[in-house]
Every structure is written in C-alpha cells, then in structure tokens.
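**Q** Here it is, the structure, as structure tokens.
The values are calculated or read from the model by the stated rules, or taken from the named source; none is laboratory data. Treat the numbers as computed from the prediction; the structure is a model and nothing was measured. FYI the Cβ positions are ideal-geometry reconstructions off the backbone, even for glycines, and counts take in every protein chain you see. Only protein heavy atoms, including side chains, enter the accessible area calculation; ligands, DNA and RNA are left aside. Shrake-Rupley method; radii C 1.70, N 1.55, O 1.52, S 1.80 Å.
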Amino acid sequence: MTTSQPLPTAPGGRVLVATGDPDLLDDLLRLAAAAGIDVEAVPDAASARRSWAAAPGVLVGDDLAPSLLLRPPGRREGVVLVGVDQDDASVWRRGLDLGAGHVIFLPDAEPWIVGWLADRADVRPGNGQLGVAPVVGVVGGRGGAGASTLAVALGLAAVRRGAATMLVEADPLGGGLDLMLGLEHSEGLRWPDLAASRGRLSTASLASAVLAVDGLGVLPWARDEQLELAPDAVSAVLSAAAKGHDLVVVDLPRVLDPGSQEAAARCTVVYLVVPAEVRAVSAAARVSVGVCLLAPRVEVVVRGPAPSGLEAEEIADALGLPLAGFMKAEPRLAVTLERGELPGLRGRNPLARLSNRLVADLLAPAESGRAA
C-alpha cells in the first residue's frame, strides 16, 4: 500500500490481514486505508501464525482457513473470517472451527469492516482485544449526600492502582468537578465542546484533550453554559472513554434528563449515596426508582453519622438494594474540600478505605486477566 505518509497503527501493533487472494487483499487494504490505519498483510498460514497472538485484530481470508485449521492457532478475541461467496455454507463451519468472533462477506460488509478496523486503534496494548472498561455511576440520594466527593475519590483510588481512569460529570447543576479538583482555570475539553458529538469518537484524542489532575482525566461541565446533552453525544463520549481506559466514573444527577439517562444505562453499576438519616432515605427511595429502571445494578453506599441510630443494613433493606459499603463520619472532610485538597488521598480515612475497596472489586476481573 502506497501513501504519501505512514498511516497510524493501533497501540498494540498492526492489524493482521491474512489472505493469499490478491483481489481480496486489495479490497482489505483499501478498507484499511479508509479506516485510517496501517496493517500487516501476510499471504500464507505460516506467516499468519507468527503474528496471530500479538496483533490487535485479525482479518482472515477464507482462502487461508483450511491451511490454518491443519494446525490451528491459539484461540483469541478479535478474529474475523472474510468470505466472498455467501452461498458457501461451509464458510460458517470454518469460522467456528477457527474461533472467529465474526464471519462476514464482501462486498456487503465493507462498511462494517471499516468500523471494525477503526476500532482496532482503540485496542489497549498487550491484551489483543478491545479494552472496554467498567462504567461506574455515582448519584446522591439527596442534595449534599456526597456523591461528587465519592466519584472523585473513586477516580483517584483507581489512578493509585495504576489504572487509566476518566471522571465524567453528567450533572449540569452540580458544583463543578473542575472546581473541586482545582481545574477551573485549566485548558481542556468540557461538555460544550462535545455536545454535538455523534457516532465514533477517537479514544486517544479524547484522553489527551480532557482536563487532568494527578493522572485522572476529567470531563466537566462549563459553568457559564446551559445545555442539555443529547443521548448520542453521551453515548459517543462514554464509548470512547470505556475503550481507552481501565475505569470510567460518572457523576450522575438525581433527576435524569435524556443525556444522563443514557449515561445511567451504560453503567456497569451505580452507587446510590445515602446519608444515614430518615429524610435522606425517603428522598433516596424516589431517586432510586428512576435509576433502577435504567442501570443493570444499583447498590447503596451509606454515609455517617447516623443521628437516629439507623444501621447501614437497615437503610439498604428499606431501599430494597444491596449494600456496597458504609463510610463513617469524617468531620474534617468539608474543611479538606473547602481548602481545595483532593478527597480520599489519605489511605486511613473512611473515604479512602471505602474507595480503595470498591475500586479493587471493580478492577479485579481485568487485573486477574492481566496476571493470567
């Protein structure tokens, strides 16, 4: 493939294109150029086996499938078998035997292949597959419950574990995560810059353009602009963030508009923060109705003190939700925040201990996979 300048490769290396069919090769190289990435093209099964495991994705021409299956390469994610004859039912069997995640046919699947190739640019190095991070929502059961504080503490706890993390503010009437983190005068993307986003966003561009503090990426609102985010924009941003990070934390509003409904629906889990007070539990019950309709999993985080002696388990039972954790009262937390100090940094305080435990549970599947 000849270009005026080199095309970029995926972070984990070049996508492998394996086919000995010159016409199919020309088509796949053309589609790779349309997707804006370079590829490694090999003409035979032996060469394909050498690059099979390390490539961020594999496109295999059906012409090579029989020879590959004589000595099958290891099973992995991100394999696509490309056929050219839709009437040949045996292509599906070869795809199954090869462990392909998709069996597609040209020319009908050309747009799909361009999108698939473009997504390979978001593959995290070393895992050979799209790294789709858990998206964690945090919402207050009432105003002043401390949801934003917990969201920030979760993000910082993840960064301390070496996880690439993005914090997204989805509450237009919140106090401003940039203000909490001392970033109000910093340059970087805010929601108004992305409000018109549709479809696919570049993961690398998003990660490099947002605000950052101590390694934590932050996408806040702009306090001088009032706008309602379209669900398409929220979907595009969270999809890009989840592909390029190990964890995404979303600060949700108590009243969900269409944009924040999309955010809640994309969450792996939502933590409902409830002060241990009778009126707070009553307010949280109303908030939980809307959140539970959208999020697949909602858990309660109870925050002390408990003036009337309410137990965390009692509050969770009253709300009909699992208890994620209890955070003891932290008298100096308000002073810490007012001074502009980052919450949850001291490992022995209640907020830090809770955040560290929750993040450890959230990242455990990915960390065990890397260890294996």
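**Q** Which of the residues spanning the stretch 219-248 are under 11 Å from the mean Cα position of the chain (by Cα), open to solvent by 20 Å² or more (accessible area, probe 1.4 Å) and not hydroxyl-bearing (Ser, Thr, Tyr)?
**A** LYS243, ASP246
**Q** Just a yes or no: is a residue in the stretch 189-198 surrounded by fewer than 18 Cβ atoms within 10 Å (Cβ to Cβ), outside any helix (DSSP H, G or I) and either in contact (Cβ under 8 Å) with a residue 40 or more places away in the chain or in contact with a Gly (Cβ under 6 Å, 6 or more places away or on another chain) (or both)?
**A** no
**Q** Suppose we keep only residues that are touching an Asp or Glu at 6+ places or on another chain (Cβ under 9 Å) and without any contact (Cβ under 8 Å) to a residue 40 or more places away in the chain within the stretch 48-67. Which one would you say is nearest to VAL103 (Cα to Cα)?
**A** Taking the candidates together, the pick is ASP62.
**Q** Determine if the stretch 88-105 includes at least one residue that is modelled with pLDDT under 90, more than 30 Å from VAL237 (Cα to Cα) and open to solvent by 10 Å² or more (accessible area, probe 1.4 Å).
**A** Yes.
**Q** If we keep just the residues of the stretch 26-38 that are in contact with a Ser or Thr (Cβ under 9 Å, 6 or more places away or on another chain) and touching a residue at least 40 places away in the same chain (Cβ under 8 Å), which is farthest from VAL82 (Cα to Cα)? So that I can check it myself, show each step before the final result.
**A** So in the stretch 26-38, the residues in contact with a Ser or Thr (Cβ under 9 Å, 6 or more places away or on another chain) come out as 28, 33, 37-38.
Next cut, touching a residue at least 40 places away in the same chain (Cβ under 8 Å) only: 28, 37.
Numbers: LEU28: 9, ILE37: 18 Å.
Checked the stretch 26-38; the qualifying residue farthest from VAL82 (Cα to Cα) is ILE37.
**Q** Looking at VAL287, VAL237, can you tell me which residue is hydrophobic (A, V, I, L, M, F, W, C) and modelled with pLDDT under 95? Outline the logic, then answer.
**A** On the way: VAL287 fails: modelled with pLDDT under 95.
Of the residues listed, the single one that is hydrophobic (A, V, I, L, M, F, W, C) and modelled with pLDDT under 95 is VAL237.
**Q** Those residues that are open to solvent by less than 30 Å² (accessible area, probe 1.4 Å) and over 24 Å from ARG120 (Cβ atoms), I need them from the stretch 199-218; list them, please. Spell out how you get there, then give the answer.
**A** Keep residues of the stretch 199-218 that are open to solvent by less than 30 Å² (accessible area, probe 1.4 Å), which gives 203, 206, 210-211, 213, 216-218.
Residues satisfying the conditions are LEU211, VAL213, LEU216, VAL218.
**Q** Take the conditions assigned to a helix (DSSP H, G or I) and of a type in the set (Gly, Ala, Ser) and apply them to ALA212. Does it pass?
**A** On the way: assigned to a helix (DSSP H, G or I): no; of a type in the set (Gly, Ala, Ser): yes.
So ALA212 does not fit the description; no.
**Q** Please indicate, with yes or no, whether at least one residue in the stretch 54-69 is among the charged types (D, E, K, R), at pLDDT 95 or above and touching a Ser or Thr at 6+ places or on another chain (Cβ under 8 Å).
**A** Taking every residue of the stretch 54-69 in turn, at least one turns out to be among the charged types (D, E, K, R), at pLDDT 95 or above and touching a Ser or Thr at 6+ places or on another chain (Cβ under 8 Å).
**Q** Among the residues of the stretch 297-319, is there at least one that is crowded, with 21+ Cβ neighbours inside 10 Å, under 21 Å from GLY144 (Cβ atoms), small (Gly, Ala, Ser) and out of contact with any Lys or Arg (no Cβ under 6 Å at 6 or more places or on another chain)?
**A** Yes, the stretch 297-319 contains at least one residue that is crowded, with 21+ Cβ neighbours inside 10 Å, under 21 Å from GLY144 (Cβ atoms), small (Gly, Ala, Ser) and out of contact with any Lys or Arg (no Cβ under 6 Å at 6 or more places or on another chain).
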